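Quick notes on the structure that follows.
The values are calculated or read from the model by the stated rules, or taken from the named source; none is laboratory data. This structure is a prediction, so every number in the text was calculated from the model and none was measured. Every residue, glycine as well, gets a Cβ built from its backbone with ideal geometry; the counts of neighbours run over all protein chains shown. What goes into the accessible areas is simple: the full protein's heavy atoms, side chains included, and nothing from ligands, DNA or RNA. Shrake-Rupley method; radii C 1.70, N 1.55, O 1.52, S 1.80 Å.
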Amino acid sequence: MEKIRFRFPPEPNGFLHIGHVKAIYLNFELGRKYKAPVNLRFDDTNPIGEEKKFIESIKEDIKFLGFEWNKECYASDYFQKLYEWAVELIKKNKAYVDDQSKEIIQSQRKTPFEEGVNSLYRNRSVNENLYLFEKMKNGFFEEESCVLRAKINMKSSNMNMRDPIMYRILKKKHPRTKNEWCIYPTYDWTHGQCDYIEQISHSLCSLEFENRRPLYNWYLDQICESNKIRPKQIEFSRLNLSHTITSKRKIQYLIEKNVIPSWDDPRILTISGLRRRGYTSLAINNFIQKIGITKRKNLIDTSLLEFRIREHLNKISPRVMVVLKPIRLVIDNYSINSTEWLSADNNPENKKYGCRKIPFSKFLYIEENDFLEKKVKKFFRLSIGHEVRLKNAYIIKANFVVKDSNGKIKEIHCTYDPTSQSGKFVKNEDKKRVKTTLHWVSIKHSIPINIYLYYPLFSIKNPDEENFKEHINSKSIEKIVAYAEPTLQKAKRGDRFQFQRIGYFYADIDLNNNEEELIFHKTASIKDQWKKINKK
């Protein structure tokens, strides 16, 4: 038990996404269960695309999820040892330098249903291979002129065993080792050996690495000592969510084409994007826990993720009233000089949140879609001659409308029942006569706020398996100015709210605005919207 050790090994070439959360959760929760250390190891074997900002974002994301690593490690720390082991393989005649081009090597591997063709350089002598590999290391050869390959079995039905590449020449500056190396180990050669160096007992990885396990084990066979822990690779299914992509390459494409501005855009399910949208670590971890760890390939509906954040925010979010698309409402029998400060619960789920005071006056805003001039079947909101209750306030009845020259409604004129104030004794007849409660704001007390509403970035359920470029939703974000009750004047970055009858929102700074203006990202709707989206 005391020798159990896990690791989480991300590549620092992009931000972590929701798929990585599954691997993070599995490794770190197993570490907690068995009181075993978990290493954070950056597999920085490719100097192209790897940046310090990605390393910092990965560490920040893991901390956000509530996990702590034991040691911070880098594959680049082991470059010298990996090189020495490669030399040992050459001496054992189990590796050779190949001068053929990438295209020829690929063609000689054939298909799983054919036997591969041996390289012309497969039978070079040990001394020649040692000499050429040393020249590779010293920068004598140009990029793509030669590679070091393991000598395994070109007839194997597993394509990964057909003399895989161990080293390639890349004359690029590495973020950590700078220009010390011009040859870099491949992921397959690095991964298991790093696990062995760190004495990782269980190498947990996603299912796409299952057919690489024989190669993982073959490399370990060449270096393992009997008195040390031999890592064991175990696979699990990766996390795929509907209406989104998790490929770093595809996300990079969206950024380059200005579909999204950055890796932390709230429309993509990177961890930083989810954080900017207002998702909590508890909700994300609960989601991973509930879907479980399996070996079966699946596509999880995004509605399950939204259910978890909605479930959590319902308990912790204070309520406020905000009108997104306002229409003016006039209460004719209410004094123009009066303002009442009515009491409202901040969170009916938890009385500890207390109450707040909201202003009520003659002129109000309600949502435009909460009114129809002529009532239709199954429309229970406000219409001429019918009554509704205003949240935390009174019952009102619509009497007539005023229209502009184009026939558009400018304002709705109503009367209110002074005896129907919410929170006071209300007759049973009053309870029966209204079926709907509407939210509202007092016009003269309201404050304008900037709101970002989000819709699926892709118009199909599984863009990862189709040409995602053809299904990008050009209307995935809507920016509007809404009107809020004065409570939101005190909002600050990081605050979460339930905009009553609309959804959950997160206060953030607009990163594209130099003045650091406060905006509100829509985290999730009050009700599940995905049934309508899937139907469409």
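Given the protein chains as shown and a 1.4 Å probe, how many square angstrom of THR437 are accessible, to the nearest 10?
60 Å²
In whole angstrom, and with the biggest value first, how far do the Cα coordinates of the range 203-286 range along each principal axis?
51, 32, 21
What is the mean projected area of the alpha carbon convex hull for the range 295-454, to one decimal in square nanometres?
14.2 nm²
Hey, quick one: spin label on GLU368, modelled 7 Å out along Cα-Cβ, who in the range 446-473 has an amide N within reach, i.e. under 20 Å?
Within reach of a label on GLU368: 446-455.
Please state the equivalent ellipsoid semi-axes for the range 1-158: what are the square roots of 5 times the Cα gyration tensor eigenvalues, largest first, in whole Å? Before the final figure, lay out each step's value.
Working: eigenvalues 272, 68, 60 Å².
Taking √(5λ) for each Cα gyration eigenvalue gives 37, 18, 17 Å.
FRET efficiency for GLU2 and ASN127, Cβ-Cβ distance as r, R0 = 35 Å, nearest 0.05? Kindly include the intermediate steps, with their values, before the conclusion.
Values: r = 45 Å, r/R0 = 1.28.
Between GLU2 and ASN127 the formula returns 0.20.
Going by Cα centres, the range 450-480 and the range 99-151 are how many Å apart?
Between the Cα centre of the range 450-480 and that of the range 99-151, the gap is 44 Å.
Pick out, from TRP218, LEU254, PRO231, the residue whose Cα sits farthest towards the positive end of the charge dipole of the range 214-257, with +1 on the Cβ of Lys and Arg and -1 on the Cβ of Asp and Glu.
Comparing the listed Cα positions along the dipole, LEU254 ranks first.
Hey, could you grab the Kirkwood Rh for the range 55-146? Inverse mean 1/r over distinct alpha carbon pairs, Å, one decimal.
Final number for the Kirkwood radius of the range 55-146 is 16.6 Å.
Counting helices only, and only those DSSP H runs with n ≥ 4, report the 222 nm mean residue ellipticity of the chain as the sum of -39,500 (n - 2.57) divided by its residues, in deg cm²/dmol to the nearest 500.
It comes out at -7500 deg cm²/dmol, rounded to the nearest 500.
Using a 1.4 Å probe and counting only protein heavy atoms, arrange TRP341, TRP85 so the residue with the most accessible area comes first.
Accessible-area ranking of TRP341, TRP85, largest first: TRP341, TRP85.
Under the definition of Cα pairs under 8 Å and six or more residues apart, what whole-number percent is the relative contact order of the range 233-353?
Normalised by residue count, the contact order of the range 233-353 is 25 percent.
At 10 °C and 1.306 mPa s, what whole-number value in µm²/s does Stokes-Einstein give for the translational diffusion of the range 437-498, with Rh from the Kirkwood sum over Cα pairs?
Rounded to a whole number, D works out at 108 µm²/s.
Nearest 10 degrees, 0 to 90: what angle lies between the long axis of helix 79-91 and the longest principal axis of the chain (Cα atoms)?
Helix 79-91 sits roughly 40 degrees off the main axis of the chain.
Which angle between 0 and 90 degrees, to the nearest 10, do you get for helix 18-33 versus the longest principal axis of the chain when only C-alpha atoms count?
Here the helix axis deviates by roughly 80 degrees.
For helix 302-316, what angle does its Cα long axis make with the longest principal axis of the chain, in degrees from 0 to 90 and rounded to 10?
For 302-316 against the chain, the angle is about 60 degrees.
I'd like the Karplus ³J(HN,Hα) series for the range 162-175: coefficients 6.51, -1.76, 1.60, θ = phi - 60°, whole numbers in Hz, and an x wherever there's a Gly or Pro.
Karplus values, whole Hz, x for Gly and Pro: 7, 6, x, 6, 9, 9, 10, 8, 9, 8, 10, 6, 8, x.
Mind ranking LEU324, LEU299 by accessible surface for me, highest first, 1.4 Å probe?
The residues order as LEU299, LEU324, largest area first.
What accessible area per residue, rounded to a whole number of Å², is obtained for the chain using a probe radius of 1.4 Å?
49 Å²
Looking at the calculated P(r) for the range 88-131, what percent of the C-alpha pair distances fall above 18 Å? Write out the running numbers ahead of the final one.
On the way: 344 of 946 pairs.
Every Cα pair in the range 88-131 considered, those over 18 Å come to 36 percent.
Considering the options SER281, ILE309, THR111, tell which one lies farthest towards the positive end of the dipole of the chain, charges being +1 on Lys and Arg and -1 on Asp and Glu at the Cβ, about the Cα centre.
ILE309
Got a number for the accessible area of LYS469? Probe 1.4 Å, square angstrom, nearest 10.
For LYS469, solvent-accessible area is about 100 Å².
I'd like the FRET efficiency for TYR353 and LYS135, computed as 1/(1 + (r/R0)^6) with the beta carbon distance as r and R0 of 60 Å, rounded to 0.05.
Values: r = 71 Å, r/R0 = 1.18.
That pair, TYR353 with LYS135, gives E of 0.25.
For the chain, build the convex hull from the C-alpha positions and give me its volume per residue in Å³. The partial results should precede the final answer.
On the way: hull volume 104.4 nm³, N = 536.
Given the Cα convex hull of the chain, per-residue volume reads 195 Å³.
Normalising by the residue count of the range 331-485, find the relative contact order in percent from Cα pairs under 8 Å and 6+ residues apart.
Here the relative contact order equals 20 percent.
So if I take the centroid of the Cα atoms in the range 311-332 and the same for the range 373-404, what is the distance between those two points in Å?
Computed from Cα coordinates, the inter-centre distance equals 17 Å.
Carbon-plus-sulfur fraction of the accessible area of the chain, 1.4 Å probe, in percent?
The computed percentage sits at 48.
Using only the Cα atoms of the range 113-262, what do you get for the radius of gyration and for Dmax, in Å?
Over the range 113-262's Cα set, Rg and Dmax evaluate to 18.7, 55 Å.
Would you mind calculating the relative contact order of the range 1-52 from Cα pairs under 8 angstrom and at least 6 residues apart, reporting the percent as a whole number? All intermediate terms of the calculation are to be shown ahead of the outcome.
Numbers: 57 pairs, mean separation 28.7, N = 52.
Rounded, it is 55 percent for the range 1-52.
Cα centroids of the range 256-282 and the range 171-194: how far apart, whole angstrom?
30 Å
Can you compute the FRET efficiency between LYS435 and GLN199 using 1/(1 + (r/R0)^6), with r the Cβ-Cβ distance and R0 = 60 Å? Round to the nearest 0.05.
According to the calculation, E is roughly 0.35.
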